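Only the coordinates and a few stated rules stand behind these numbers; no lab work does. Source: prediction; values computed, not measured. Reconstructed Cβ throughout: ideal geometry from the backbone, glycine too, with neighbour counts over all protein chains shown.
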Amino acid sequence: MLNIISNIPEAVKIYKLLNPLGSEENTSTKFVGGCVRDLILGHKIKDIDLATSFSPQEIVKILKNENIKTNIKAINFGVVTAYINNYLFEITTLRKDFLQDGRYAKIEFTKDWKLDSQRRDFTINAIYCELNTKSNEGFQLFDPHNGKEDLINGKIKFIKNVKTSINEDYVRALRYLRFFYSYSSYEHDPYVLEQIFENKNNIKNLSQNRLKTELKKIIIINPKLKIEKNSLIKDFFSYIYPDFNNIVNLNN
């Protein structure tokens, strides 16, 4: 694995600011999500997300004291976005989700990393990383759901029961497909597809903005041939996105 996060000065700066005690035993903030997957696979770091035990208001205060630009439009969900040079950092306070209705949830902030991991969607999206000067690799993983092993083996696993997870947040169905086309070494689990197709009306009723955001992420990985191999998935995309065939030129 390549320790490429520590080669990004802006990422190191954010990390150190949000770990003011400077001790691996008292880590307040860890990297999480796509940047950790890229780190494990040795890919170029793209999105840089962090999880933290600091409250959103504490995050804003710390960053503003360093004259770092922030966006707080999602602060009620525990999310603060920071900008340094050409890098965007999404910083989310550890939380527990409850009373989920298919898209939104009531949230409760916590300082429990394991509890935060349990509200996430997939094992490969619940791998946390801290910079560690005591490690020869320069980092240490907190991986409560064995996501690293699943990532390396190309397995896309929901943390919760598939039906429960998708009904908590219908966006997870589209995220599953994106992660599947990005990382999977296996065929689709028929039960997972069954749960996705059963919720196609609920998925279609998500906001247009959210649907477009997920579609852009799917198109970037160019799943054209993979989608064509499964007529049911092709029909699903055409139902959710009426212009999908034209957008990715599936008919050419």
### Summary
Of the residues Asn199, Ser184, Thr164, the Cα lying farthest along the dipole of the stretch 162-247 towards its positive end, which is defined by charges on the beta carbon of Lys, Arg, Asp and Glu, belongs to Ser184
### Query
About the Cα centre of the stretch 162-247, what is the dipole size in debye to 20, counting +1 per Lys and Arg Cβ and -1 per Asp and Glu Cβ, all else neutral?
340
### Query
With point charges of +1 on the Cβ of Lys and Arg and -1 on the Cβ of Asp and Glu, referenced to the Cα centre of the chain, which listed residue (Leu99, Asn153, Leu211) lies farthest in the positive direction of the dipole?
Leu211
### Query
Within the P(r) computed for the chain, what percentage of the Cα pairs occupies the region above 30 Å?
30
### Label point distance in nm, Glu108-Asn65, each placed 7 Å from Cα along Cα→Cβ
3.0
### Query
Among 117-123, 212-218, 103-109, how do they line up from the highest to the lowest mean number of other beta-carbon atoms within 10 Å?
117-123, 212-218, 103-109
#### Entry: Shape call, the stretch 170-233: gyration tensor on alpha carbons, a/c limit 1.5
oblate
### Task
Return the subset of Lys44/Lys69; Lys73/Lys157; Lys155/Lys229 for which the Cα-Cα distance in this structure is over 26 Å, preserving the input order.
Lys73/Lys157
### Task
Quickly estimate the mean residue ellipticity at 222 nm for the chain, helices only: each DSSP H run with n ≥ 4 gives -39500 (n - 2.57), and the total goes over all residues, rounded to 500.
-11500 deg cm²/dmol
### Under-5 Å amide H pairs with Ile84, H placed in peptide plane, nonlocal only
Phe89
### Query
Hey, which of these cross-link pairs are over 20 Å Cα-Cα: Lys148/Lys226; Lys200/Lys234; Lys96/Lys200; Lys163/Lys216?
Lys148/Lys226; Lys96/Lys200; Lys163/Lys216
### Message
Under 8 Å for C-alpha pairs, at least 6 residues apart: give me the relative contact order for the chain, rounded to a whole percent.
### Response
13
### Query
Relative to the Cα centre, what is the charge dipole magnitude of the chain, using +1 at the beta carbon of each Lys and Arg, -1 at the beta carbon of each Asp and Glu, and rounding to the nearest 20 debye?
500
